[in-house]
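Shown next, in structure tokens, is the structure this report addresses.
The values are calculated or read from the model by the stated rules, or taken from the named source; none is laboratory data. Computed from a prediction, not measured in an experiment: that's the story for all the values here. Glycine gets a Cβ as well: all are built from the backbone with ideal geometry, and neighbour counts include every protein chain shown. Surface areas here come from the heavy atoms of the whole protein model, side chains and all, with no ligands, DNA or RNA. Shrake-Rupley method; radii C 1.70, N 1.55, O 1.52, S 1.80 Å.
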Amino acid sequence: MFQTIEKLGVLPRFQKAFGTLTGLTFDLVDLQAHSSLRLRAVQCFVPFCRLIQDRSAGREACRQCDVGAVNRLREIHRPLLYPCHMGLMEVVVPLMMGGQLVGVLASGQFLLRKPSRRTFQPLRARLRDLGVPLASAEQKYLRVPVLTHEKANAVVDLLVLIADHLLALEPKMDTLKAHHASGQVDRARQFIDNHFTEDISPADVAAAVHLSASRLAHLFREHMNTSLVAYRNTLRLEQARFLLANTDLRVLDIALRSGFSNLGHFNELFKRAVGLSPREYRHQPAPVSL
């Protein structure tokens, strides 16, 4: 569901409007605390946060904060205004679909009081441990956005309204998701139709439609009520029946032309599906026309 939400064209518009109104970043975060690659909000960090994110230790510290916020939302299912490990504030709002947390809407970082050299002092030791240059950090810290408590609450309300709007789109997203999955299955089926006589595996089909083998197997069975291998073998057996009835080719050649590399396996599948061996099928009496 997260990937379906992420593709909504309305999100970049929300991001732009949110930034214009508040001066803050708008982000969509998954349940592993990863920012949306489509929104690319990570590029919009305030300079102070970007400086910290440039250090591996800083990135890890920020990530632990994000993970903690997501885990907290799993428990409370309501908006949260929380301080990060450097004391900057961030708003996170749960995105609920079908009673389940599927993602998080997040604001950019800000302070609730004007930064000063005095408020920067307690951060120096922490920044030094992270390997962040203090002179540059102080300069950027003094330019961190500041919101009054009233405006911070307005940011919460605005994110909640956006979440509510996305929730109202849930039936449409379910339809889009189902349509997208159906399209992927159709492409997989078409690939098999075009290549069933070749040495193709489920992994080859999955690669052709840009899905994992396990995901495609699940979608294919859900939409086609059969497996990829069973569908491929059905096409192969249909071709074999046609060749047996309409050519004088040897059974081995028919098996090979139909995509089977093992004659014993071909005979076994054919008899299981048709009730006769390939030779018995070929020599059965032709139907009488009245």
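Please list, ordered by first then second residue, the pairs with beta carbon atoms under 8 Å, 6 or more apart or interchain, first in segment 60-74 and modelled with pLDDT under 95, second in a helix (DSSP H, G or I) and open to solvent by less than 80 Å² (accessible area, probe 1.4 Å).
Partner pairs satisfying both residue conditions: ALA61/ILE52; CYS62/CYS49; CYS62/ILE52; CYS62/GLN53.
Within segment 1-34, work out how many residues are in contact with a strand residue (DSSP E or B) (Cβ under 8 Å, 6 or more places away or on another chain), of a type in the set (S, T, N, Q) and free of Cβ contacts under 8 Å to residues at least 60 places away in the same chain.
The qualifying residues number 1.
Please go through (1) open to solvent by less than 20 Å² (accessible area, probe 1.4 Å); (2) outside any loop (DSSP other than H, G, I, E, B) for VAL132 and return the number of the only condition it doesn't satisfy.
Every condition holds for VAL132 apart from (2).
With the requirement that a residue be out of contact with any helix residue (DSSP H, G or I) (no Cβ under 9 Å at 6 or more places or on another chain) and part of a helix (DSSP H, G or I), what does segment 135-148 give you?
ALA135
Taking segment 134-151 on its own, how many of its residues are in contact (Cβ under 8 Å) with a residue 12 or more places away in the chain and closer than 15 Å to ASP54 by Cβ? Walk me through it before giving the result.
Going residue by residue through segment 134-151, those that are in contact (Cβ under 8 Å) with a residue 12 or more places away in the chain are 136-138, 140-149, 151.
Pick out the ones that are also closer than 15 Å to ASP54 by Cβ and you get 136-137, 140-141.
The number of residues fulfilling the criteria is 4.
Quick check on my filter: what residues within segment 228-272 are touching a residue at least 40 places away in the same chain (Cβ under 8 Å) and of a type outside the set (S, T, N, Q)?
LEU228, TYR231, ARG232, LEU235, ARG236, ARG241, ARG257, GLY259 - these are the residues of segment 228-272 that are touching a residue at least 40 places away in the same chain (Cβ under 8 Å) and of a type outside the set (S, T, N, Q).
Just to be sure, is LEU252 open to solvent by 40 Å² or more (accessible area, probe 1.4 Å), modelled with pLDDT of 90 or more and either in contact with a Phe, Trp or Tyr (Cβ under 6 Å, 6 or more places away or on another chain) or in a helix (DSSP H, G or I) (or both)? Give the derivation first.
Details: open to solvent by 40 Å² or more (accessible area, probe 1.4 Å): yes; modelled with pLDDT of 90 or more: yes; either in contact with a Phe, Trp or Tyr (Cβ under 6 Å, 6 or more places away or on another chain) or in a helix (DSSP H, G or I) (or both): yes.
When the stated conditions are applied, LEU252 passes them.
Hey, among the residues in segment 95-133 that are free of Cβ contacts under 8 Å to residues at least 24 places away in the same chain and among the basic types (Lys, Arg), which one's farthest from LEU159 (Cα to Cα)?
Out of the qualifying residues, it is ARG128.
Among the strands (runs of 3 or more DSSP E) lying completely within segment 1-113, list those that include at least 3 residues that are under 22 Å from the mean Cα position of the chain (by Cα) and surrounded by 15 or more Cβ atoms within 10 Å (Cβ to Cβ). Please lay out each step first, then the result.
Numbers: elements: 26-29, 80-83, 89-97, 100-107.
In segment 1-113, 26-29, 89-97, 100-107 are the strands (runs of 3 or more DSSP E) which contain 3 or more residues that are under 22 Å from the mean Cα position of the chain (by Cα) and surrounded by 15 or more Cβ atoms within 10 Å (Cβ to Cβ).
So which of SER289, SER277, SER261 ends up being of a type outside the set (Asp, Glu), open to solvent by 80 Å² or more (accessible area, probe 1.4 Å) and modelled with pLDDT of 90 or more? Quick ask: steps written out before the conclusion?
Values: SER289 fails: modelled with pLDDT of 90 or more; SER277 fails: open to solvent by 80 Å² or more (accessible area, probe 1.4 Å).
The conditions single out SER261.
Each row is one residue, and each column tells you yes or no for (1) in contact with a His (Cβ under 7 Å, 6 or more places away or on another chain); (2) modelled with pLDDT of 90 or more; (3) closer than 13 Å to LEU159 by Cα; (4) hydroxyl-bearing (Ser, Thr, Tyr).
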site	(1), (2), (3), (4)
GLN15	no, yes, yes, no
GLY19	no, yes, yes, no
ASP30	no, yes, no, no
PHE45	no, no, no, no
